[in-house]
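Undergrad: After the structure tokens below, expect a handful of questions from me.
FYI, it's all coordinate maths here, none of it is from the lab. The model shown is predicted, which means the values in this text are computed figures rather than measured ones. Every residue, glycine as well, gets a Cβ built from its backbone with ideal geometry; the counts of neighbours run over all protein chains shown.
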Amino acid sequence: MNAARFETHDFDVLVIGAGGAGLRAAIEASAAGARTGVVCKSLLGKAHTVMAEGGVAAALAHVDAKDSWKVHFRDTMLGGKQLNHWRMAQLHAQEAPDRVRELEHWGAVFDRTQDGRILQRNFGGHSAPRLAHVGDRTGLEMIRTLQDHGVHQGFEVFMEVTVSRLLVEGGRVVGAFAYRRENGRFIVFRAKSVVLACGGVGKSFKITSNSWEYTGDGHALAYEAGAELIDMEFVQFHPTGMVWPPGVMGILVTEAVRGEGGILRNSKGERFMEKYDPKRMELSTRDMVARAIYTEVKEGRGSPHGGAFLDISHKPAEWVKKKLPSMYHQFMELADVDITKGPMEVGPTTHYIMGGVRVEPDTGASTVPGLFAAGETSGGMHGANRLGGNSLSDLLVFGRRAGLGAAEQARSRSAQATIDPGQIESAERAMLAPFERTDGPSPYDIHHKLQETMQSLVGIFRVEEDLAAAVREIGRLKQEAAKVRVTGSREFNPGWHLAIDLKAMLTCSEAIARSAQLRKESRGGHARLDFPKTEPEFGTKNTVVKKDGEAMAVGQSPLPEMPAELRAIVDAELEAVKV
Amino acid sequence: MTEAEFHVFRGDAKGGSLQPYKIQVEEGMVVLDAIHHIQAKDAPDLAVRWNCKAAKCGSCSAEVNGRPSLMCKTRLDALPLDQPVVVRPLRSFPVIKDLVTDVSWNYEVNKKIPPFTPKKDAPWRWMQEDIDRVQEYRKCIECFLCQNVCHVIREHGVKAGFGGPRFFVRTAGLEMHPMDDADRTALLKDDLGIGYCNITKCCTEVCPEDIHITDNAIIPLKERVVDEHYDPLRKVFKLLTGKK
């Protein structure tokens with residue numbers, strides 16, 4: 001191998017992604033004695049976790065003494081329309097309280113109850129006040145705590161480095177090929193095990209709360225390495241994103257607004273959730289509220305900029321500023337709206353993907369040896385719809401478990417694998433080809449077309465005809481992307497970075513559209529106009545996507561069967577569980 | 001729709017210049033939107049950092065018409081559009097390319113600060129009033145605008161022996177945490193050089209999170225350092241008793 005062409009680094013465990021899951025995995029892997037490296041596309045502390053607002057769900061039972069892991073487990077399974085992997089939902093509910101307390105011991109400063117314990121707030125689908133929080137900047141608190149704790153744990157961080165390919169030898173993941181965004185130089189990582197914690201896919205949609213980083217890298221890397229993806233049709237459209245002004249369309253408006261008593265109204269002043277979920281109203285699950293707002297707008301009862309009104313101004317102004325400080329500033333500064341005086345305009349925004357890499361619940365191991373996944377990149381935990389607050393807890397619980405699983409598997413391997421130079425050369429060629437073309441489409445144009453396609457054809461309500469059209473269009477865009485041309489140098493070149501990210505976005509988009517075609521029912525985040533009912537036969541199946549030669553194979557596999565004692569918890573009345 | 005002219009720094013460590021671009025102004029547009037329009041239309045390789053677009057991540061710091069700002073929060077309707085909008089990278093850090101600077105020094109300083117060290121047998125109960133102050137420091141989004149305008153860093157560059165406002169805020173968050181048991185006054189005095197700060201409050205003025213950096217973090221820390229290291233009575237006491 002030519003040393004000048006790339007740098008080489010060896011690790012026991014390589015973690016790709018430095019959000020909540022990645023950092024938690026790295027902390028655990030280091031603690032288990034593994035020499036650990038972390039790669040992230042942005043600067044440390046800027047990952048998507050920093051944008052999480054409302055809180056982290058854990059049955060600490062500080063506000064409601066009757067809350068317990070069983071109630072949390074039941075809420076999670078019902079919110080996910082029972083498509084969740086029961087074991088993940090169980091581990092998550094059982095371990096989240098310890099993970100939150102652990103954060104506090106690492107320096108996190110959560111808001112307090114009257115008696116000085118961690119305060120918890122209401123959120124949609126949770127049948128107790130359960131979200132530990134810091135105003136509406138919980139994600140910042142969490143990532144900073146993990147970051148500041150992490151820098152003393154001895155793992156090495158590679159900031160502004162993007163992995164373009166996993167290196168596979170003999171059916172096993174043995175490393176990763178990456179480039180430094182700053183100067184375009186290549187890196188070969190050799191690793192005994194690799195953890196994918198790359199977040200989600202929102203950047204394939206036009207209206208999204210997600211940042212440029214959310215291009216589905218983890219999902220696509222796993223797919224290319226031969227791993228199975230499950231339930232990719234389940235995309236969460238968060239009910240409340242900003243709808244105006246145009247530049248901020250899609251930016252998240254925290255569910256904590258509703259958790260703290262915010263009311264949704266249409267242009268006629270009607271509290272429309274009465275029609276859709278009279279029992280839970282604004283605190284219904286996200287899939288329900290998103291569809292309700294969408295329907296109100298579609299039927300002509302939307303706000304001036306095509307959303308619904310969300311109002312918290314009936315609460316005292318000082319209280320609103322204390323509980324929802326960043327919402328107050330966000331609307332004041334970006335939209336000229338004082339939320340203590342009047343309503344916000346909000347509408348659905350692509351926020352999260354429930355589907356992802358199929359993992360073993362206890363260890364985070366994927367179906368490919370040497371490869372692990374955690375957080376949004378993994379699938380199964382949230383089933384057909386994720387409850388708000390369950391993501392931050394997911395990151396902690398399964399980030400830790402994947403870090404441990406990866407360290408353990410690394411220990412069983414004595415040496416780094418020898419990597420075929422041909423693999424590396426082919427990864428290099430793929431990176432440099434866009435520069436060599438003298439003609440070809442712009443990556444920005446292809447991205448724009450993909451976003452339009454996903455937004456209009458694979459959105460909140462789906463129908464076979466649209467999905468088929470989307471699959472055709474994605475196929476066409478894949479051909480365009482193969483001819484993409486990049487100008488400029490290898491130094492910090494966003495056009496080049498986008499050209500590389502496009503491949504992952506297209507793979508994920510195809511997986512979403514094809515999985516959506518196969519699921520001929522409506523369930524959670526997946527709503528079909530042509531199959532509006534929830535069908536029991538689909539309730540026992542995961543959708544599975546796997547690479548088959550150069551084609552994408554989409555099929556089904558049976559949902560793991562829940563043990564009787566857990567089944568009893570899910571089937572019981574709330575009052576019987578919450579005791 | 002009105003048109004606006006932008007003069008954006010293009011270049012790298014070797015040098016560069018302002019380049020003119022024209023954009024169509026949309027309602028409610030911010031400077032970061034304009035930069036994205038320029039990228040998509042005229043300059044696909046224009047380098048810029050950004051993530052959240054909502055002032056939560058602190059990535060898109062730059063100097064807009066000479067004022068250090070988050071581009072995602074700087075509205076075009078607050079700028080005089082009859083003249084070009086000038087966008088330059090942060091001045092105190094070395095340019096990598098265009099609007100992207102090398103801020104890695106900050107991450108090195110952070111590593112020097114001893115982590116949160118809980119008291120033995122801490123009860124883990126505290127009142128909201130006890131942490132209001134700590135939560136103010138913890139609002140920091142690490143945009144490094146305060147570092148960029150700090151006179152010590154601006155005039156003398158990034159050097160060992162000085163930490164800058166960001167890390168005074170971070171240290172304050174640890175020092176004033178009700179459960180923390182470590183003493184960081186020697187670090188503040190020697191490694192972070194808090195004595196160099198002459199409280200001009202420029203850092204406070206540019207903070208997008210409205211943290212009262214000077215009044216609430218730096219001054220109380222300066223007092224702690226003085227109490228600990230320069231109090232003549234305490235010096236005599238230490239000398240006589242041999243206690244630290």
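Undergrad: Compute the FRET efficiency between A:LYS533 and A:ALA317 as 1/(1 + (r/R0)^6), taking r as their Cβ-Cβ distance and R0 = 60 Å, and round to the nearest 0.05.
TA: Numbers: r = 45 Å, r/R0 = 0.76.
The calculated FRET efficiency here is 0.85.
Undergrad: Could you list, in their original order, any pairs among B:LYS97/B:LYS201; B:LYS201/B:LYS235; A:LYS268/A:LYS323; A:LYS323/B:LYS73; B:LYS120/B:LYS235; B:LYS119/B:LYS201 whose Cα atoms are separated by more than 24 Å?
TA: On the way: B:LYS97/B:LYS201 29 Å; B:LYS201/B:LYS235 31 Å; A:LYS268/A:LYS323 28 Å; A:LYS323/B:LYS73 21 Å; B:LYS120/B:LYS235 28 Å; B:LYS119/B:LYS201 33 Å.
Where the Cα-Cα span goes over 24 Å, the pairs concerned are B:LYS97/B:LYS201; B:LYS201/B:LYS235; A:LYS268/A:LYS323; B:LYS120/B:LYS235; B:LYS119/B:LYS201.
Undergrad: As I understand it, the dipole of chain B uses +1 on the Cβ of Lys and Arg and -1 on the Cβ of Asp and Glu, about the Cα centre. Which of B:LEU239, B:VAL149, B:THR185 lies farthest toward its positive end?
TA: Comparing the listed Cα positions along the dipole, B:LEU239 ranks first.
Undergrad: Give the residue list of trypsin sites (Lys or Arg not before Pro) in the stretch B:1-90 that are DSSP loop and have at most 13 other beta-carbon atoms within 10 angstrom. Can you show the working numbers first?
TA: On the way: sites: B:ARG10, B:LYS14, B:LYS22, B:LYS41, B:ARG49, B:LYS53, B:LYS56, B:LYS73, B:ARG75; in loops: B:LYS14, B:ARG49, B:LYS53, B:LYS56.
Answer by residue number: B:LYS14.
Undergrad: At 25 °C and a viscosity of 0.890 mPa s, what translational diffusion coefficient does Stokes-Einstein give for the stretch A:236-351, taking Rh as the Kirkwood radius over Cα pairs? Give it in µm²/s as a whole number. Provide the component values of the computation, followed by the final result.
TA: Numbers: Rh = 13.8 Å.
It diffuses with D of about 178 µm²/s by this estimate.
Undergrad: Next question. Have a look at A:LEU506, A:PRO443, A:PRO532 and report the one farthest towards the positive end of the charge dipole of the stretch A:426-579, computed about the Cα centre with Cβ charges (Lys/Arg +1, Asp/Glu -1).
TA: The residue sitting most towards the positive pole is A:PRO443.
Undergrad: Dipole size in debye (nearest 20) for the stretch B:104-234 around its Cα centre, Lys and Arg Cβ +1, Asp and Glu Cβ -1? It would help to have the intermediate numbers written out before the result.
TA: Numbers: 18 positive and 22 negative charges, 71 e Å.
Here the stretch B:104-234 has a charge dipole of around 340 debye.
Undergrad: Which whole number gives the average count of other chain Cβ atoms within 10 Å of the Cβ atoms across peptide A:497-504?
TA: Values: counts 2, 3, 1, 0, 0, 0, 0, 0.
Per-residue shielding by partner chains comes out at 1.
Undergrad: Identify which of B:LEU76, B:LEU188, B:LEU90 has the largest mean-square fluctuation in a Gaussian network model of chain B, with springs joining Cα atoms closer than 10 Å.
TA: Looking only at B:LEU76, B:LEU188, B:LEU90, the largest GNM fluctuation is found for B:LEU76.
Undergrad: Still on this structure, please answer the following. Starting from the Cα of A:LYS533, draw a straight line to each of the lysines and keep only those under 25 Å, dropping any in the same chain fewer than 8 residues away.
TA: Within the straight-line cut-off, A:LYS533 pairs with A:LYS81, A:LYS275, A:LYS279, A:LYS298, A:LYS520, A:LYS541.
Undergrad: Which residue, B:VAL87, B:VAL25, B:VAL100, has the most motion in a Gaussian network model of chain B that connects Cα atoms within less than 10 Å?
TA: Fluctuation is largest for B:VAL25.
Undergrad: Taking the Cα centre of the protein assembly as shown as the origin, how large is its charge dipole in debye, to the nearest 20, when only Lys and Arg (+1) and Asp and Glu (-1) carry charge on their Cβ atoms?
TA: Using only the charged Cβ atoms, the result is roughly 840 debye.
Undergrad: Among all cysteines in the protein assembly as shown, which have no other cysteine Cβ under 4.7 Å from their own Cβ?
TA: Cys with no partner Cβ under 4.7 Å: A:CYS40, A:CYS198, A:CYS508, B:CYS60, B:CYS72, B:CYS140, B:CYS143, B:CYS150, B:CYS197, B:CYS202, B:CYS207.
Undergrad: At 222 nm, what helix-only mean residue ellipticity would the protein assembly as shown give, in deg cm²/dmol to the nearest 500, using -39500 (n - 2.57) for each DSSP H run of four or more?
TA: On the way: 27 runs with 295 residues, N = 823.
Estimated from H runs of four or more residues: -11000 deg cm²/dmol.
Undergrad: Going by how many other Cβ atoms sit within 10 Å of their own, how do B:ASP227, A:ASP115, B:ASP102 line up, fewest first? Before the final figure, lay out each step's value.
TA: Values: B:ASP227 11, A:ASP115 8, B:ASP102 15.
Fewest to most other Cβ atoms nearby, the residues stand as A:ASP115, B:ASP227, B:ASP102.
Undergrad: Based only on other Cβ atoms within 10 Å, what is the fewest-to-most ordering of A:VAL484, B:VAL86? Don't jump to the answer; show the numbers that get you there.
TA: Details: A:VAL484 24, B:VAL86 16.
Fewest-to-most ranking of A:VAL484, B:VAL86: B:VAL86, A:VAL484.
Undergrad: What does the structure give for A:238-246 when I average, per residue, the other chain Cβ atoms found within 10 Å of the residue Cβ? Working shown, then result.
TA: Values: counts 0, 0, 0, 0, 3, 0, 2, 8, 5.
Counting other chains' Cβ atoms within 10 Å and averaging over A:238-246 gives 2.
Undergrad: Which whole-number percent is the relative contact order of chain A (Cα, under 8 Å, 6+ apart)? Walk me through the numbers on the way to the answer.
TA: Numbers: 1383 pairs, mean separation 122.8, N = 579.
Relative contact order for chain A comes out at 21 percent.
Undergrad: Next up: When A:THR113, A:THR49 are ordered from fewest to most other Cβ atoms inside 10 Å of their Cβ, what list results? Don't skip to the end; give the middle numbers.
TA: Values: A:THR113 17, A:THR49 29.
Exposure proxy ranking, most exposed first: A:THR113, A:THR49.
Undergrad: Same structure again: To the nearest 20 debye, what charge dipole does the stretch A:346-442 have about its Cα centre, counting +1 at the Cβ of each Lys and Arg and -1 at the Cβ of each Asp and Glu? Please list the in-between numbers first.
TA: On the way: 8 positive and 10 negative charges, 67 e Å.
Dipole size: approximately 320 debye.
Undergrad: Please identify the longest segment of chain A free of exposed trypsin sites (Lys or Arg not before Pro), where exposed means a DSSP state other than H, G, I, E or B and no more than 11 other Cβ atoms within 10 Å.
TA: Values: sites that count: A:LYS268, A:LYS279, A:LYS341, A:LYS533.
It works out to A:1-267.
Undergrad: Give the separation of the Cα centroids, the stretch B:1-49 to the stretch A:324-345, in Å.
TA: So the separation of the two Cα centres works out to 28 Å.
Undergrad: To continue, here is another question. Counting partner chain Cβ atoms within 10 Å of every residue's Cβ in B:52-64, what's the average?
TA: Values: counts 10, 10, 15, 5, 15, 12, 5, 7, 0, 0, 0, 0, 0.
Neighbouring Cβ atoms belonging to other protein chains average 6 per residue here.
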